[in-house]
Amino acid sequence: MAKLRNLKKDIDYLISEVLSDCYTLAYLYPDKKEKAMEIINNAVGFRNEMFERTNNPDGKDNKKLVKTHYKNICKDLLTGVDDFFKQISELTKK
């Protein structure tokens, strides 16, 4: 299993990329600023949720449960960030 510190850095990096793209979108398309800010708020909430889950694993005594817990966090992180990027791309199409 990767280090917990690296997982937290990955969470921060991916969410910061989402935020950066949202701010760029808000700058380039001022009429879509409200939707971009909504995505930003959702992304920050998602980041906080990921950190909460990372800091509080299920079944600390059972290594298999902990390993499965962190695999699920990684999977959920990637799908969540992908959803945010899809939302951003949908805003640029309209």
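The values are calculated or read from the model by the stated rules, or taken from the named source; none is laboratory data. Everything numeric in this text was worked out from a predicted model, so none of it was measured. Reconstructed Cβ throughout: ideal geometry from the backbone, glycine too, with neighbour counts over all protein chains shown.
Which residues, taken from region 52-73, are closer than 29 Å to residue 17 by Cα, surrounded by fewer than 16 Cβ atoms within 10 Å (Cβ to Cβ) and not aliphatic (A, V, I, L, M)?
Within region 52-73, 52, 55, 56, 58, 67, 68, 71, 72 meet the criteria.
Which pairs turn up if I take residues in region 75-94 that are surrounded by 15 or more Cβ atoms within 10 Å (Cβ to Cβ) and look for partners that are assigned to a loop (DSSP other than H, G, I, E, B) and of a type in the set (Phe, Trp, Tyr) with beta carbon separation below 8 Å, at least 6 apart in sequence or on another chain?
91/29
Only one of (1) modelled with pLDDT under 95; (2) under 29 Å from residue 90 (Cα atoms); (3) among the basic types (Lys, Arg) is not met by residue 47, so which one is it?
Going through (1) modelled with pLDDT under 95; (2) under 29 Å from residue 90 (Cα atoms); (3) among the basic types (Lys, Arg) one by one, residue 47 breaks only (1).
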